[in-house]
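Here is the structure we will look at.
The values are calculated or read from the model by the stated rules, or taken from the named source; none is laboratory data. Just so you know, these numbers come straight off a predicted model, no measurement behind them. As a convention, Cβ positions derive from the backbone with ideal geometry for all residues, glycine included, and neighbour counts pool all protein chains shown.
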Amino acid sequence: MDTPGHCLHIWPWIKRPAQRFLLPNWEAITIGRHIISWRILSAADLAHERKHVEQWQQHGLRFIVLYLGAGRAAARAGGHRYRDNPFEIEARAAEEAIRLPSGGTPAHDQDGA
């Protein structure tokens, strides 16, 4: 995965405010080339966020509108705004490529997942 120039920020203090104002179970958020997390990310989690960096690079600021619109469209179709968002599906595929090496069995990352 070629994502030159991403910048990972680990800010433990941001966990509680982001849980309150974003999502209760969030692990990281990507804004442009900046990946912001409250904890060290596993290789699979980082692959997921790096895919979002690629999406930002491809779409620029339009990514915000495209991402939100894709979530709304998924919900209107009876799906889940996050889980069925095509941008998240693409990011989860990048994550799974790390979790499931060529043998097809789950790889254990640093947090035991």
Long-range neighbours under 6 Å by Cβ, at least six apart or interchain, first residue at pLDDT 95 or above within the range 84-113, second part of a loop (DSSP other than H, G, I, E, B): GLU88/TYR82
Failed item, numbered, when ARG33 is tested on (1) of a type in the set (Lys, Arg); (2) surrounded by 19 or more Cβ atoms within 10 Å (Cβ to Cβ); (3) within 21 Å of PRO12 (Cα to Cα): (2)
Residues of the range 1-57 that turn out to be touching a residue at least 40 places away in the same chain (Cβ under 8 Å), among the polar types (S, T, N, Q) and more than 22 Å from ILE89 (Cβ to Cβ), as a count: 0
